[in-house]
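Following: one structure in structure tokens, then a few remarks.
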Amino acid sequence: TLAIGKQVCRALEVAHEEGIIHRDVKPQNLLVDPTGFLKVMDFGIARLAQHQSEPGAGLTAAGVVVGTPQYMAPEQLFGDPVDGRADLYSTGAVLFECVTGRPVFEAPSLVALLARHLEDTAPSPHVLNPEVPESLSAIILRALARRPDDRWPSAAELLQALERVQA
């Protein structure tokens with residue numbers, strides 16, 4: 001999980017430095033080659049950060065939010081402008097699933113899933129899996145903060161936090 005998280009952060013750091021927000025970080029878009037090198041794939045719905053403030057920039061068609069709801073940040077679910085912190089939320093959701101074996105939120109319908117993302121606080125990975133170090137659990141929970149300002153400010157800072165975890 002730490003190796004995956006660190007490599008995703010490095011890839012996002014490069015993308016964000018170029019002003020690109022992926023907007024669909026999820027396990028299906030992470031390819032690990034036989035040597036263990038991870039590649040972040042499918043930038044099909046990525047956007048340049050400078051265009052995020054334009055009306056409808058978070059949408060591909062009027063009223064249609066793009067991305068995979070189980071991994072999307074609350075602001076992205078609302079169709080609000082996003083920045084790199086939305087990708088960090090998605091990275092937190094991927095890491096959460098890596099250590100717990102389940103998505104952050106589960107619900108019987110898309111509407112219920114959206115409500116859980118918007119209203120509920122993510123459960124502690126350490127509580128769900130006591131083998132997860134509390135330090136890693138805290139890092140993941142910060143990445144999954146509902147408000148972007150409460151998340152890691154950058155992929156580089158999330159990477160530094162992951163590098164400090166004692167496995």
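The values are calculated or read from the model by the stated rules, or taken from the named source; none is laboratory data. Here the structure is a predicted model, which is why all the values come from computation and not from measurement. FYI the Cβ positions are ideal-geometry reconstructions off the backbone, even for glycines, and counts take in every protein chain you see. Ligands, DNA and RNA are excluded from the accessible area calculation, which covers all protein heavy atoms including side chains. Shrake-Rupley method; radii C 1.70, N 1.55, O 1.52, S 1.80 Å.
Out of 151, 147, 102, report the one residue that is charged (D, E, K, R) and either under 16 Å from residue 4 (Cβ atoms) or crowded, with 16+ Cβ neighbours inside 10 Å (or both). Can you show your working first?
Numbers: 147 fails: either under 16 Å from residue 4 (Cβ atoms) or crowded, with 16+ Cβ neighbours inside 10 Å (or both); 102 fails: either under 16 Å from residue 4 (Cβ atoms) or crowded, with 16+ Cβ neighbours inside 10 Å (or both).
That would be 151, the only listed residue that is charged (D, E, K, R) and either under 16 Å from residue 4 (Cβ atoms) or crowded, with 16+ Cβ neighbours inside 10 Å (or both).
Could you please let me know if residue 22 is touching a residue at least 60 places away in the same chain (Cβ under 8 Å) and either under 18 Å from residue 139 (Cα atoms) or touching a strand residue (DSSP E or B) at 6+ places or on another chain (Cβ under 8 Å) (or both)?
So residue 22 fits the description; yes.
Based on what the data block shows, is residue 73 of a type in the set (Gly, Ala, Ser) and open to solvent by less than 20 Å² (accessible area, probe 1.4 Å)?
The answer is yes for residue 73.
Go through the range 4-40 and count every residue that is surrounded by fewer than 18 Cβ atoms within 10 Å (Cβ to Cβ), β-branched (Val, Ile, Thr) and part of a helix (DSSP H, G or I).
Looking only at that region, the number is 1.
Could you say whether any residue in the range 115-138 is assigned to a helix (DSSP H, G or I), of a type in the set (A, V, I, L, M) and modelled with pLDDT under 95?
Yes: one or more hits.
Tell me, which residue of the range 154-167 that is small (Gly, Ala, Ser) and more than 17 Å from residue 25 (Cα to Cα) is most open to solvent (accessible area, probe 1.4 Å)?
Among those residues, the one meeting the criterion is 167.
Mind checking which residues of the range 125-141 are within 16 Å of the chain's Cα centre (by Cα) and open to solvent by 30 Å² or more (accessible area, probe 1.4 Å)?
Correct list: 138, 141.
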